[in-house]
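Structure record follows, encoded as C-alpha cells.
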Amino acid sequence: AFISLSLYSFASSYIRKFSNSARDVEVMVFLSILVVLCGRLLVEASLPLSNLIGLGMGVNALWYATPIAAGAMLIRILINSETALIWVVCTSTFLSLLMDQNALYCSFFIISGVVASASLAHTKERLNILRAGFQTGLINAALALMIELSNVYITSSAINPSQPLWDVGLAVFGGIA
C-alpha cells in the first residue's frame, strides 16, 4: 500500500498528464490485481511444472511469461504513456516481491513494460499492437538471457544447457501474449 500511495501521490502532484480520475484509477487497480494474480499463479505453478516437464526447464523460467507487457500496452491505449509508466513501476515492484524479492526480475518487468508501452506510440492500427508484442518479446528474450547469465556468474554454478532456451522462449511468449 505504501508503494502504491507513494507513486500515486508523486504522479498526481508532479506528472501533468497522469490521469487520476476515478475511472482510470479503477482500471489501473484492476489490471494490477489481474497481472499480480497471474504472476502469483505462475510462481506457484513453476516448480510443479518444471518437475513435470523436465528437459532442463529452470524453476524460475515460467516467471518470464508474466503478462506485464500486455497490461502496459492496455494502459497506454486506454489512458496515456505517463500513466502507463507509473503503473509499470508499481506493478513491477509487486511482482518482484512475489518472485524472491529479486531486483533483476523487477528490472526485467520495468524494461518489458516500458518497451511495450513505447512501442505503441502514436498507433492507429491493430497490426501495430502485434508488432509491439514481437518487439517486446525480442527485448524480453535478450533480458532473460542476460539475467540467466548473470545468475550463473554470481552463483558460479553449472546450468543445464537448455535452461536459457526455456527462459528466452517463455520471455518471448510473455511479450507476444
Within the range 47-64, tally of residues that are more than 16 Å from Asn102 (Cα to Cα) and either under 16 Å from the mean Cα position of the chain (by Cα) or part of a helix (DSSP H, G or I) (or both) | 7
Test each condition in (1) closer than 26 Å to Leu165 by Cβ; (2) touching a Phe, Trp or Tyr at 6+ places or on another chain (Cβ under 9 Å); (3) of a type outside the set (Lys, Arg) for Val25 and report the one that comes out false.
-> (1)
Say we look at the range 65-88 and pick out the residues that are open to solvent by less than 30 Å² (accessible area, probe 1.4 Å), more than 15 Å from Val25 (Cβ to Cβ) and part of a helix (DSSP H, G or I); which of these is modelled with the lowest pLDDT?
-> Ala65
Only one of (1) without any contact (Cβ under 8 Å) to a residue 60 or more places away in the chain; (2) within 15 Å of Gly174 (Cα to Cα); (3) aliphatic (A, V, I, L, M) does not apply to Ala22, and that is (2)
Leading residue by the ranking (nearest to Leu98 (Cα to Cα)) among those in the range 14-33 that are open to solvent by 80 Å² or more (accessible area, probe 1.4 Å) and assigned to a helix (DSSP H, G or I) = Ile33
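The values are calculated or read from the model by the stated rules, or taken from the named source; none is laboratory data. Being a predicted model, the structure only gives us computed values, none of them experimental. Please note: Cβ atoms are built from the backbone with ideal geometry, for glycine as well, and neighbour counts cover all protein chains shown. These accessible areas exclude ligands, DNA and RNA; they are computed on the full protein's heavy atoms, side chains included. Shrake-Rupley method; radii C 1.70, N 1.55, O 1.52, S 1.80 Å.
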